[in-house]
There are 2 protein chains.
Amino acid sequence: MGVSLKDVAQRAGVSIKTVSNVVNNYPHVTPHMRAKVQQAIDELGYRPNLTARHLRKGRTGIIAFAVPELGNPYFAELAGAVIDAAARHDYTVLVDHTAGLRERELLVSQEFRSHVIDGLILSPIHLETEDLIGRQETSPLVLLGEREYEAPYDQIAIDNVAAARTAVRHLLDLGRERIAFLGSRTDRERRPAHLRLRGWREELAAAGREPDETLVVATDGYGRADGAAAMAALLDRGRRPDAVFAYNDLIAMGAMRTLTERGLTVPDDVAVVGFDDIEESRYGSVTLTTISPDKQAIARLAVDSLVERLSGHVMAEPRRARPGYRLVVRESTGPAEGRQAARVPAQGAGSAPAPEAGSAPVRETRSVPAPEAGPAPAT
Amino acid sequence: MGVSLKDVAQRAGVSIKTVSNVVNNYPHVTPHMRAKVQQAIDELGYRPNLTARHLRKGRTGIIAFAVPELGNPYFAELAGAVIDAAARHDYTVLVDHTAGLRERELLVSQEFRSHVIDGLILSPIHLETEDLIGRQETSPLVLLGEREYEAPYDQIAIDNVAAARTAVRHLLDLGRERIAFLGSRTDRERRPAHLRLRGWREELAAAGREPDETLVVATDGYGRADGAAAMAALLDRGRRPDAVFAYNDLIAMGAMRTLTERGLTVPDDVAVVGFDDIEESRYGSVTLTTISPDKQAIARLAVDSLVERLSGHVMAEPRRARPGYRLVVRESTGPAEGRQAARVPAQGAGSAPAPEAGSAPVRETRSVPAPEAGPAPAT
DNA sequence: GTGAAAGCGCTAACAG
DNA sequence: CTGTTAGCGCTTTCAC
């Protein structure tokens, strides 16, 4: 089919090696030679066959990024950041989504495009530690997301418990009494409770309140519809909270929609805090207070981890990096006027003091959570 | 490094070919042989090297999907649909984003992972016809998005002019007088006006109105912030419209946010129509009326086109497919109560009568635009 | 049914 | 500085 090095060599009347040298920009080639070869390349429209190169070199320069759902803006935004971070190391990213199904997560972690991806960044939901332990695939794997595993792989995640506690504390500081939690999962109960739910419990307990479990609503998924349904269920039960802490922004958005439909006002009747800081939460007629994980840092740490292992620096020690996060206070918990401009986080720049992991290898990256924006002395 | 066919063959005491047969599930292998080989495979933890297979077969089973910005939910949702559609044909998708930069669009279309991707689905913004004409790469390319090119490549896009006209007609039917257009581009003016802007002009003209060009606001990009800024600019100019047709949903969202901040009510003071029907537009305290392109159909048509050409069916004739769309009327142009439930489109199922392109080859796919939901007799 | 050998296009050694 | 050769791991004739 295509034109190969050999064809070019023939045409230019030189050896294959010389052409290869030109293609790879080897320093020691006479300008004359280079010109001659280049001409042949242009005439023939030669393009190097990367597949062959990959086979030869044993690596492809492709890493995979697998998330539950690309339709969730958090993962879409994260995917964008990962693609950019990878590009900085000359890696290309293969994005896949698992629909949060354990089976697909397993498949991806086990045998996904074996030997064509150099490594994998995976954000699992249903995967279990034992699935990971039994992993055959030898290419490096970096885990993202809320779940923590007792498996020998790098894990990048903000301190979910602490972040959740920060959110709940904010609501408590506002004087809220009945703080609901939306978004615990209905399925697979046996597995440890969500860290965010634990944060909710811990912070309430620390404040001397008995966590009211009737204010915890499980959802089937993590989407807006789930949030809307959960909020409706809570209200239908006659348990009207005066604040809601949602598992993520989408659930919070859905909850706010239900509140609007029921004629309740945010934040006056019900204050709402989300988690993720997707861009959408900075718009809307009531902007959303939320926990903002440093997505750039997460992407960078994940890619850097992977790239470092790919570079052959064999480090037995799997590492846990804790990127920064902060609480961004917006209208959904703000003063009742609901007219102030959204406080837009200075994304990327003066953001959290996440460990700088640019070129230097990432080491002990347990960064202190960023100072929260506005600890808000009780209203 | 890895364990190869040869290793397995040695271990099992058979030839390479036999192992290959087992791995590829060839029919004519004795059960005994198969078992023996399988055992060796398991013992050695053999995983086929797909890179080698790719080199040998000349194809990889990977296609690329390049969009301007993964942070735009429209593209993220589309990417998800493309991934799923590709999976149905056993293709994996490599997602990239171009930031809408012509340079990167060019790069992607020209030499992106040459020979490792079998084909490319590209949604360009700044690419010009001549860029496409001069394309060296021989792998198939399918174009998505608003722009139309005089180049020999398949193009999948809804009828943007007609869709825009539908949106504007809806606003006219509502009795709106001053309909603004938000989101024409400031740069590269020489290139033909956006089709959606043309639709706005045409429909106004058809209604006997002189399109008021002072109601057209250019934006730098296609995000929420651009919409917010454009709306603010328009209001600051003292040109208060009673309706807004935005280039896309994000711009519409930003515009609505500005309207809220300025104390104006949607839809009472200003009705708003978007374009894309991202999920977000179905939530929010005022749900958004929007043009809903059939994303599933777009993804399916694009992937099917690509796969068909990849299958060697050489069809000289490039094709233009026109997936369906519909107008989904929601609160942002609805009756002023603003309390009715959002009319959620039956995504996927009873949606537009888009050409069924499941397994059968896609042929003449100029589908009639789906019947719009609620032509809304003038208020 | 199974085995032996050639070669996909490239890079890495090693000569010259 | 340039040419020759071997081989990455696999599939694919073609014999047996």
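The table below lists the values:
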| read-out | value |
| --- | --- |
| Backbone HN-Hα couplings from phi across the stretch B:58-74 [Karplus 6.51/-1.76/1.60, Hz, Gly and Pro as x] | x, 9, 10, x, 10, 10, 9, 10, 10, 10, x, 8, 6, x, 7, x, 4 |
| Inter-chain Cβ neighbour average for residues B:256-264, partner chain, 10 Å | 3 |
| Chain pair A, B: total accessible area buried, heavy atoms, 1.4 Å probe, Å² | 4700 Å² |
| Spin-label pair A:Ala99/B:Glu210, simplified geometry with 7 Å Cα→Cβ offset, distance in nm | 5.6 nm |
| Residue-normalised accessible area of the stretch B:180-311, expressed per residue, 1.4 Å probe, Å² | 31 Å² |
| Percent carbon-and-sulfur accessible area, the stretch B:45-98, ignoring ligands, DNA and RNA, probe 1.4 Å | 47 percent |
| Peptides A:137-148, A:163-174, B:292-303 ordered by average Cβ neighbours within 10 Å, highest first | B:292-303, A:163-174, A:137-148 |
| Subset of B:Lys36/B:Lys57; A:Lys36/B:Lys17; A:Lys6/B:Lys17; A:Lys36/B:Lys6; A:Lys36/A:Lys57 violating a 32 Å alpha-carbon distance limit | A:Lys36/B:Lys17; A:Lys36/B:Lys6 |
| The stretch A:89-123-the stretch B:120-163 distance, computed between alpha-carbon centres (Å) | 29 Å |
| Hz values of 3J(HN,Hα) by residue in the stretch A:279-296 - Karplus curve (6.51, -1.76, 1.60), Gly and Pro given as x | 4, 3, 6, 8, 10, x, 6, 10, 6, 9, 6, 7, 7, 10, x, 6, 4, 4 |
| Distant-in-sequence amide H partners of A:Val286 (H built 1.01 Å from N, under 5 Å) | B:Ser285 |
| Cβ-derived FRET efficiency at R0 35 Å, B:Arg56 paired with A:Ser15, nearest 0.05 | 0.90 |
| Shortest-first nm distances, A:Gln38 label point to equivalent points in other copies (7 Å, Cα→Cβ) | 5.7 |
| Per-residue HN-Hα couplings for the stretch A:98-110 [Karplus 6.51, -1.76, 1.60; θ = phi - 60°; Hz; x = Gly/Pro] | 10, 6, x, 8, 4, 4, 6, 4, 4, 4, 4, 6, 8 |
| Protein-protein interface of the stretch A:81-103, residues with accessible area decrease of at least 40 Å², isolated chain reference, 1.4 Å probe | A:Ile83, A:Thr92, A:Leu94, A:Val95, A:His97 |
| Under-5 Å amide H pairs with B:Thr98, H placed in peptide plane, nonlocal only | B:Val67, B:Glu69 |
| For the stretch A:5-66: rounded, prolate or oblate by the Cα gyration tensor [a/c cutoff 1.5] | prolate |
| Label-reachable residues, the stretch B:43-80, where backbone N falls under 20 Å from a point 7 Å from B:Asn24's Cα toward its Cβ | B:46-62 |
| For the stretch A:45-170, size of Cβ-based charge dipole, Lys and Arg +1, Asp and Glu -1, in debye | 620 debye |
| Calculated label separations, A:Leu264, copies of the chain, 7 Å along the beta-carbon direction, nm | 3.2 |
| Environment charge of B:Thr60, counting only residues whose C-beta is closer than 10 Å and scoring Lys/Arg +1, Asp/Glu -1 | +4 |
| Cα→Cβ-extended label distance, 7 Å offset, between B:Arg178 and B:Arg34, nm | 7.6 nm |
| Alpha carbon centroid spacing (whole Å) that separates the stretch A:279-324 from the stretch A:233-275 | 28 Å |
| Ascending list, in nanometres, of distances separating the B:Ser311 label from those of the other copies (7 Å, Cα toward Cβ) | 4.6 |
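The values are calculated or read from the model by the stated rules, or taken from the named source; none is laboratory data. If you're wondering where the values come from, they're calculated on a predicted model, not measured in any experiment. Reconstructed Cβ throughout: ideal geometry from the backbone, glycine too, with neighbour counts over all protein chains shown. SASA here: full protein model, heavy atoms, side chains in, ligands and nucleic acids out. Shrake-Rupley method; radii C 1.70, N 1.55, O 1.52, S 1.80 Å.
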